[in-house]
Each structure stands twice: as C-alpha cells, then as structure tokens.
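S.K.: Okay, here's the structure, questions in a sec.
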Amino acid sequence: MKRPLAVLTAAVGVCALAAGVESTALLALATGLILLMAAGWSGLVLSTRRLGVERTISVFEVQEDAPLRVHFTVQGATWLPVTVEVEDHRGGWVKVDDGGAWLELHVGQPGAYWLQPSRVRLRDVSGLFQRESAAGRAEPLLILPVPVASPAIRAVAPGLSEDLEPHGVRPYVPGSPFTRVHWPSLARGAGLHVRQVAPLAEGLPLVVVDTVGAGSRAALHWAARTAAGSVLTLARNGGCRVLLPGDPSATSVFDSGHAWRTVHRRLAKLDPSPSRLTRPVGMGTAALRVSAASAPSVPAPALELPTGILGRD
C-alpha cells in the first residue's frame, strides 16, 4: 500500500497547490491522478471476482534429473485490464498471457513430495495496486532416483536358459541386447522385438537393498540410485529378483516394464530399516547387496527445494 498512498498524497498535495495558486493545469493533473487510482482499484476489485487461474501438472512423477512441467491458464473475463502473474517457486514472477504460462520445477532429489498451491498476483495496468490469491491444490509428487549402474554387475545374469527358441517376444526397449532381437517379427513388419528367454526358477541373481545404518537422507538417495541402476541393468539382460526393506519375499523383474516401474517407485521412498535383510532360501545367488551404510562419505550438495514443495516427514 505504500505506492498508492504516496500517489494519493501527491494528488492531494497537487490539488491543494492548484487551489492556492488557482491553476487549472495543476487541478487537472491532480484530478487525473485520482481518476487513475480509482480506475485501477475498481478494475482490480472486479478482476478478483471475474478472473481465475487454473494450474495443470503434466505428470506427477518424474526422474530427478528431469523437470516437472506445470501449466497455468487464465479463466473468466480475460479482457479485464489487469496483469496476471504466477510465482515461479523461486521467488520470481511469470506473466500469464492469453496462451498461458509454463513453469519447469527441478526438485533434484528422489522422494515423495507435496506441491502446494501456487501464488497468483493480479496487478492493475498502472502497477499501483495488487492482490494475491492461489491456483491449484496440494498435489502429491514422486521424484524417482536416477539409475546409476554398478560396475560390479555382470552383463548377463546367471542361470538363464540358453534355448534358441523364444518363450514369447516383447517390444524392444533401449538397452536390450541385440543378440536377442527377434528378426522374424521385424521381417513381418511388426517392428523391433526381442526374444524372451525363460529364466531358471532358482538361478536369478538377487539384489538386496539394505537401509540399516543410513546416516542421512543422502545415504538413502545413494542406495536408491545404485539399486535402481543394478536392477535395471540385470532386468534388461535376463532378469533378477529384488528384495526391498520390509518385504517377506523378493520381486522378479525381467525387463523395464510394470515390475521395474513398481520397484523404481518404491526405491524413491526408501526409509531407514530397523533390521538387516538376509537372503531368503531359494532366491538364487545374490548379485549385489546395496547397503545405505556403505554410501560414500562425500557430503551431498545442499539442494534447496523450490518454494511450495514440501517433502515427506
């Protein structure tokens, strides 16, 4: 309110001066300032009743190295003479025009979060008055860990059947070995597919994720990224089983499909475990134990969450 009060004080002063010196020019100037303020205030009040800002989130889960895209559009009487802006969640403001506005939010660390309503600012054309409101509602976000492959993981999982006949085919995904490409499918025009070889029941490697002794959230993030890379590498090369904290049995993952996505989401939500995991009987030879207690001691860079994004407790 400092700027409107200053303008109003100036208008009253000019008006008093005009009356004292009997100047019509000064009186017109004072009248113009008062009318400008009245028009700006009236337009702003009307806009708060007739305008709204809608927030849309394209996807609610992204990998930590990818931005979260948020779109804002103005709803209602868009012809009103006001400027509509939304906070960029970094302390700045972005104008929302007729085509809307896009924001890209970078969280930068895995976990479950809440995106709070975004601040909206309406300003009259003179910039004297403004009002704030909110767009959207509190919405859950899931930031997935970037898979970081461990050099200790073997390129081909042990215990796979060497049958030349495929046990079904599936669409090719990046990272699948070309030695398993099913060329007849490509020749028939069905696109690039790979053969699915049958794993032996007891021969799949096991990835054990252990969060006992995690000294910090950064250690859990390291374990999540390392486990994700190990599981994805093995899954694309024949399959593996994954034992996560709290699970009575391991989950089988054979490719980058539904099972992998489920494991990936759970790795994003790792918490310290009260007791150490052990390899269940009959689960095959463990390919890797990913222990949060063994995370590198190098301090993780301090990452400040964007304004309005809250992490879980």
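The values are calculated or read from the model by the stated rules, or taken from the named source; none is laboratory data. Since this is a predicted model, take the numbers as computed values, not measurements. Cβ coordinates were reconstructed from backbone atoms using ideal geometry, including for glycine residues, and neighbour counts include every protein chain displayed. Side chains included, ligands, DNA and RNA excluded: accessible areas come from the protein's heavy atoms. Shrake-Rupley method; radii C 1.70, N 1.55, O 1.52, S 1.80 Å.
S.K.: Go through (1) assigned to a loop (DSSP other than H, G, I, E, B); (2) open to solvent by 10 Å² or more (accessible area, probe 1.4 Å) one by one and return the number of the condition His89 breaks.
M.R.: (2)
S.K.: Against the conditions (1) at pLDDT 85 or above; (2) open to solvent by 80 Å² or more (accessible area, probe 1.4 Å), where does Ala302 fall short? Just the number, please.
M.R.: Single failed check for Ala302: (1).
S.K.: Which pairs turn up if I take residues in region 110-125 that are touching a residue at least 24 places away in the same chain (Cβ under 8 Å) and look for partners that are among the hydroxyl-bearing types (Ser, Thr, Tyr) with beta carbon separation below 6 Å, at least 6 apart in sequence or on another chain?
M.R.: Val120/Ser133; Leu122/Ser47; Arg123/Thr83
S.K.: So, in region 224-255, of the ones that are in a loop (DSSP other than H, G, I, E, B), buried (at least 18 other Cβ atoms within 10 Å of the Cβ) and not aliphatic (A, V, I, L, M), which residue ends up farthest from the chain's Cα centre (by Cα)?
M.R.: Applying the filter and picking the extreme gives Gly238.
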